[in-house]
Amino acid sequence: MKAAITATAKYLPDSILSNRDLEKMLDTTDEWIVTRTGISERRILRDPEKATSYMCGEIARQLLEKRKIDASEIELIIVATMTPDMLFPSTACLTQGIIGAVNAWAFDLNAACSGFVFALNTAARFIESGVHKKVMVIGADKMSSILDFTDRSTAILFGDGGGGVILEPADEDGFGLLDSRLYSDGKTGQEHLLMPAGGSLHPASHETIDKKMHYIHQDGRQVFKSAVISMADVAEEIMKRNNLQADDIAYLVPHQANQRIISATAERMGVDQSKVISNVSRFGNTTAGTIPICLAELDEQGKLHHGSNLILVSFGAGYTWGGIYLKWQ
Ligand code: ACO
């Protein structure tokens, strides 16, 4: 038994932060940001009372509406995020509370930008084993909560938002999540992309705040190099394992970090740019949110058809990376 996506949804805050706005805050230009990243604007969740669980709640409500089911039918909720409302309780539990999914169990999964791919793969195992019939998988991040808006090398890259899906047993053989390859490299990854404080190693203190240790720190060049290689490698591996030619693929849905990383992945796969989903110019990098947002947009536009072959690929902090092959039901 395979797991198939039966509903998609997304949430993006209304407030736009454009490159022009950033020009007023930082020593940067629209031209530099567009050329290096492809990003023109991103969304920011400005209400200080609202955090990642708010976005997850909005996504979850839409998913239930679209699937026309009651919250009580959801058996498991997995939220992929690296910006939980708080360390505990989990944002998945908060989401469960918001929608009243009284029969579900819920947990967060942190694989940074690969969070949704890791969570979708995890959720699929519960469906395939017959343990659960309706699982909600959400990827969402309020990146503005961990961005240093005086650091031009990171502040320009990220935005707030998220998306999600409902996963159920596929109706027919040969449809749904057909293959996946997931990887981590904690040795190389940890020094290049991290938020140093806020955990048990460096709990919050005057010193951690003074040293700006509660923000994203990254070596952009190193991350860029690893992202290009790993995303292209895993995409190629998934194609080979499943005897897929470029023409067989309806859409490549890559993590949205940087247009140059997206294009390099597509090039290696030999997939025409028209089949490569990119909304990084409008939303920036929403971390665990990027892939489910892309899926929801494709779905809204009526572009997902019975039998469409999709390849999802991601790369993020850890390092973590992975690919999923799914045939749309
Ligand atoms: N505006 C103007 N100049 C800038 C800016 C900015 N916003 N940021 C950096 N610069 C300057 C640098 O100071 C540097 O100047 P110098 O040569 O005088 O030292 C110059 O521009 C070039 O900097 P680089 O870091 O070499 O620029 P690069 O071409 O590598 O682009 C970028 C930087 C966009 C961060 C790129 O490395 C990148 O996209 N890396 C991937 C990072 C990423 O996406 N991480 C997200 C998490 S992981 C993931 O999702 C894949």
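The values are calculated or read from the model by the stated rules, or taken from the named source; none is laboratory data. As the structure is a prediction and not an experimental result, all values here were calculated from the model. Note that we place each Cβ from the backbone using ideal geometry, even for glycine, and neighbour counts take in every protein chain shown. Quick note on the areas: whole protein, heavy atoms, side chains included, nothing else; ligands and nucleic acids left out. Shrake-Rupley method; radii C 1.70, N 1.55, O 1.52, S 1.80 Å.
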ask   = Given ASP210, ASP219, which one is farther than 30 Å from GLU75 by Cβ, open to solvent by 20 Å² or more (accessible area, probe 1.4 Å), within 11 Å of the ligand (Cβ to nearest atom) and more than 17 Å from the chain's Cα centre (by Cα)?
value = ASP219
Test: ILE5 is within 16 Å of the ligand (Cβ to nearest atom), modelled with pLDDT of 95 or more and not polar (S, T, N, Q) = no
query = Considering ILE98, ILE77, which residue is under 19 Å from the mean Cα position of the chain (by Cα) and either assigned by TED's automatic domain parsing to the domain that holds SER200 or more than 16 Å from the ligand (Cβ to nearest atom) (or both)?
reply = ILE77
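When segment 294-321 is examined, which residues are found to be within 16 Å of the ligand (Cβ to nearest atom) and without any contact (Cβ under 8 Å) to a residue 24 or more places away in the chain?
Within segment 294-321, no residue meets the criteria.
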request  = Could you check how many residues of segment 195-207 are within 16 Å of the ligand (Cβ to nearest atom) and open to solvent by 70 Å² or more (accessible area, probe 1.4 Å)?
outcome  = 1
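Does LEU45 satisfy being over 16 Å from the mean Cα position of the chain (by Cα), of a type outside the set (D, E, K, R) and either in the same structural domain as ILE262 (by TED's automatic domain parsing) or farther than 23 Å from THR154 by Cβ (or both)?
It is false that LEU45 is over 16 Å from the mean Cα position of the chain (by Cα), of a type outside the set (D, E, K, R) and either in the same structural domain as ILE262 (by TED's automatic domain parsing) or farther than 23 Å from THR154 by Cβ (or both).
State whether the residues of segment 34-43 include one that is more than 22 Å from ARG282 (Cα to Cα), part of a helix (DSSP H, G or I) and open to solvent by 10 Å² or more (accessible area, probe 1.4 Å).
Within segment 34-43 (the criterion being more than 22 Å from ARG282 (Cα to Cα), part of a helix (DSSP H, G or I) and open to solvent by 10 Å² or more (accessible area, probe 1.4 Å)), the answer is no, since none of the residues qualifies.
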remark   = The correct count of residues that are crowded, with 21+ Cβ neighbours inside 10 Å and either modelled with pLDDT under 95 or within 26 Å of GLY302 (Cβ to Cβ) (or both) in segment 8-21 is 6
query = For segment 225-240, which residues satisfy the criterion of being of a type in the set (Ser, Thr, Tyr) and either buried (at least 23 other Cβ atoms within 10 Å of the Cβ) or away from the ligand (no atom under 16 Å from the Cβ) (or both)?
reply = SER230
query = Filtering segment 65-81 down to residues that are surrounded by fewer than 21 Cβ atoms within 10 Å (Cβ to Cβ) and among the hydrophobic types (A, V, I, L, M, F, W, C), which residue is farthest from THR8 (Cα to Cα)?
reply = ALA71
ask   = Mind checking which residues of segment 183-200 are in a strand (DSSP E or B) and in contact with a helix residue (DSSP H, G or I) (Cβ under 6 Å, 6 or more places away or on another chain)?
value = LEU193
key: Pairs, first under 20 Å from MET143 (Cβ atoms) and not assigned by TED's automatic domain parsing to the domain that holds MET82 in segment 197-221, second within 16 Å of the ligand (Cβ to nearest atom) and part of a helix (DSSP H, G or I), C-beta under 7 Å, six or more apart   = HIS214/ILE146; TYR215/ILE146; ILE216/ILE146; ILE216/THR154; GLN218/THR154; GLY220/SER153
query = Just one of LEU312, LEU252 is part of a strand (DSSP E or B) and more than 13 Å from CYS113 (Cβ to Cβ); which is it?
reply = LEU252
request  = Quick one: in segment 241-265, of everything that is within 15 Å of the ligand (Cβ to nearest atom) and touching a Lys or Arg at 6+ places or on another chain (Cβ under 8 Å), which residue is farthest from ILE229 (Cα to Cα)?
outcome  = ASN258
query = Can you name every residue in segment 162-203 that is of a type in the set (A, V, I, L, M) and within 28 Å of ASP85 (Cβ to Cβ)?
reply = VAL165, ILE166, LEU167, LEU182, LEU193, LEU194, MET195, ALA197, LEU201
request  = For residues that are farther than 28 Å from ALA155 by Cα and basic (Lys, Arg), scanning just segment 85-144, find the one that is least open to solvent (accessible area, probe 1.4 Å).
outcome  = LYS134
